[in-house]
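The values are calculated or read from the model by the stated rules, or taken from the named source; none is laboratory data. Since this is a predicted model, take the numbers as computed values, not measurements. No Cβ is skipped: glycine too gets one built from the backbone with ideal geometry, and neighbour counts run over all protein chains shown. Surface accessibility is based on the protein's heavy atoms, side chains included, excluding ligands, DNA and RNA. Shrake-Rupley method; radii C 1.70, N 1.55, O 1.52, S 1.80 Å.
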Amino acid sequence: MTPQTLSPLLCTIPLLPLAGAAINGFFGRQSSKKAISAVALVFCGLAFFVAVLIATNFSAASAPYSFPLAHWIRSGSFSVDFEFYLDQLSLVMLLVVTGVGFLIHIYSVGYMWDDDGYYRFMSYMNLFMFFMLTLVLAKNYLVMFIGWEGVGLASYLLIGYWFTKDSAAAAGKKAFIVNRIGDFGFLIALFLIIKHFGSLDFTRVFAAVQQQPVEIGGAGLLTAIGLLLMVGAAGKSAQIPLYVWLPDAMEGPTPVSALIHAATMVTAGVYMVARSSAIFERAPMAMTVVAIIGTLTALFAATIGIAQTDIKKVLAYSTVSQLGYMFMACGVGAFSAGIFHLMTHAFFKGLLFLAAGSVIHGIGGEQDMRKMGGLRVYMPWTFLTMTIATFAIAGFPPFAGFFSKDEILWKAYSSPNGSWVYWLLGVTTAFITSFYMFRLWFMTFFGDYRGATMHDGHDSRAGAHAPHGHDHGHGDPHESPWVMLGPLFVLAILSLAGGWIGIGGRFEHFLDPVLFPGIDRTGIPGAAEEVNHNVEHLLMFISVGAAALGLYCAYLLYHRLPQLPARIATSLGGLYRAVANKYYIDELYAVLFIKPVIDGSTEILWHGIDQGAIDATVNNSADAVRHVSDNVRHMQSGNLRSYAGWVAAGGAVVIAYMVWMGVR
């Protein structure tokens with residue numbers, strides 16, 4: 001297949017799930033659930049098929065491939081086209097998004113079958129796929145920003161899917177607002193790029209950046225751009241201090257947690273930083289900030305995961321921690337290691353969330369691990385697949401997580417931008433990760449079952465719905481149907497063998513043309529290579545030993561001596577309560593930003609300004625606009641969901657017009 005025939009296929013990949021979202025969105029209410037499922041799965045599956053077809057015909061010699069859909073913005077010498085683009089980096093993301101996304105769509109058929117808004121859920125899932133694929137296939141920062149904002153919109157719709165539940169609606173709004181904070185930094189970075197480089201096209205911007213000197217002496221233009229890009233990435237990928245939205249996002253159905261908050265959307269920030277590697281390499285100060293934020297986030301979130309009892313909250317903080325690993329890798333210049341971990345994390349974390357959903361489904365919607373136990377007897381296939389994922393995330397060989405995590409830790413130690421401090425904190429995080437994941441494993445699957453065997457109804461928070469008429473929610477815990485177990489087995493295989501692609505540096509060398517253009521990374525002297533290998537092997541054994549120690553501690557506390565954790569928690573007192581309450585960060589943010597406390601004098605001053613100046617001005621001018629506003633007020637419902645729907649509809653119309661213009 002020639003580049004001329006390969007490039008046009010790029011535009012079909014995001015447009016296929018967009019078509020599925022539109023069909024189910026407009027006609028799903030009157031359709032049967034089988035028809036809704038067929039539309040959602042066929043269009044998403046076709047996108048994956050086309051992605052595989054492109055991957056099998058991908059030629060590194062001919063890359064990158066591009067396909068302009070339409071001319072877009074023309075203003076003097078500045079121009080932006082709506083154009084898709086494929087190179088080694090976007091190919092990896094393309095396969096991860098479509099492959100894992102398709103498996104989660106299949107799982108959703110069983111998990112959400114009895115939900116009254118099933119058509120709406122599947123439409124939102126397809127819409128998310130469209131925006132995420134737009135993000136990863138963008139040829140310039142502006143098209144990337146469209147996908148960036150689109151996945152934020154789709155995330156809001158999916159997190160708050162059960163919008164009649166106050167906590168779900170609040171979680172959706174929280175995710176939407178916190179991400180807007182990060183997006184503000186992203187936008188300022190784009191304005192700086194336009195002003196100083198006159199383009200947003202990746203090829204032109206990075207070529208211009210290559211001509212800039214490395215900003216060793218201090219902060220300059222590239223440092224400012226890099227830091228602002230990191231602000232955007234911190235919002236989307238839940239890094240300190242903007243991580244607070246992701247744990248609350250567990251209010252959405254479990255397939256949403258797997259798709260958005262494990263495999264795809266939250267990795268968009270990592271992808272954007274890796275895509276902008278040319279900028280960060282010439283801004284050492286910005287890279288240091290990325291490494292510090294990533295390392296601290298990895299350790300901080302891992303400590304919170306130790307004391308959580310909600311099975312999805314444990315996995316949520318684990319996601320924040322693993323994203324920190326990816327940023328640590330990018331911050332020390334190991335961009336390929338960060339993308340490698342992004343890929344393996346999509347496999348094992350997607351599997352962990354889906355297996356957790358299988359557990360929740362099988363016990364009537366319960367999410368508290370203290371009310372589980374002994375489930376390996378009732379749910380052997382879920383137990384098997386979740387075991388593989390747990391060993392993978394803990395970093396045991398030969399599972400996928402071992403290869404990517406070991407690569408990050410080695411680069412954190414040996415890279416010119418690295419430090420033994422990063423490595424030490426990374427190994428400590430690896431120990432904590434192993435401990436809280438095996439804590440989850442033992443509490444869920446071992447010992448005696450601690451929950452009730454009879455349930456009335458179901459907990460819509462967990463999305464526990466009966467697939468295909470199965471009498472869910474009554475009787476003993478039971479295994480999930482095969483429509484849910486099938487994706488678990490595929491992801492289990494990938495969680496086991498998916499990291500083998502990195503053996504011998506093959507994955508790193510595949511990404512070199514994108515992340516290290518024009519740099520020859522071969523020719524290292526043999527003696528130095530031998531010393532490095534010896535040190536690398538030593539550090540590898542230490543990291544595996546840390547994982548084994550975490551497993552042993554979890555076994556001792558939660559299987560061998562199950563009464564001991566309560567005694568330790570009591571003895572730790574306030575420290576344990578602080579960890580269990582997530583260091584009261586949400587409460588602190590509420591005091592500082594949501595409901596700030598103001599002293600009496602400030603309150604009196606503001607009261608006078610508010611009533612004496614602002615209110616008087618507004619009230620006096622209100623009559624002048626009342627008649628005009630009365631005619632248009634019916635357009636404003638005050639419902640954020642309604643506004644989001646109009647934004648999505650408008651975006652779809654604009655993109656459809658661009659596609660039509662591009663194929664004329």
- Item | Per-peptide average of other Cβ atoms within 10 Å, ordering 10-23, 348-361 highest first | 348-361, 10-23
- Task: For region 69-184, give the magnitude of the charge dipole about the Cα centre (Cβ charges: +1 Lys/Arg, -1 Asp/Glu; no others), in debye to the nearest 20.
- Result: 240 debye
- Query: Carbon and sulfur: what percent of region 115-171's accessible surface (1.4 Å probe)?
  - Reply: 60 percent
- Query: Got a number for carbon plus sulfur as a percent of region 274-381's accessible area, 1.4 Å probe?
  - Reply: 64 percent
- Message: If each residue of separation counts as 0.36 nm, what is the full-extension length gain between I181 and D586 once their alpha-carbon separation is subtracted?
- Response: 144.2 nm
- Item | Over region 537-580, equivalent-ellipsoid semi-axes from the Cα gyration tensor in Å | 27, 15, 6
- Which Cα, out of Y124, W245, F191, lies furthest along the positive dipole direction of region 118-248 (beta carbon charges, K/R +1, D/E -1)? Y124
- Listed peptides 254-261, 586-593, 237-244, 402-409 by packing density, highest first (mean Cβ within 10 Å): 254-261, 402-409, 237-244, 586-593
- Message: Over region 11-161, what is the relative contact order in percent, taking alpha-carbon pairs closer than 8 angstrom and at least six residues apart?
- Response: 31 percent
- Which value in nm describes the separation of the simple spin-label points at L549 and Q563, placed 7 Å from the Cα toward the beta carbon? 2.9 nm
- Task: Return the whole-Å distance between the Cα centroid of region 544-576 and the Cα centroid of region 26-48.
- Result: 46 Å
- Task: Please work out the Kirkwood hydrodynamic radius for region 308-433, using every pair of different C-alpha atoms, and report it in angstroms with one decimal place.
- Result: 15.3 Å
- Note on the structure: Computed about the Cα centre, the charge dipole of region 180-322 from +1 Lys/Arg and -1 Asp/Glu charges at the Cβ has a magnitude in debye, to the nearest 20, of 160 debye
- Item | Given K139/K405; K174/K312; K236/K312; K34/K173; K174/K236; K173/K236, the pairs whose alpha carbons are separated by over 23 Å | K139/K405; K34/K173
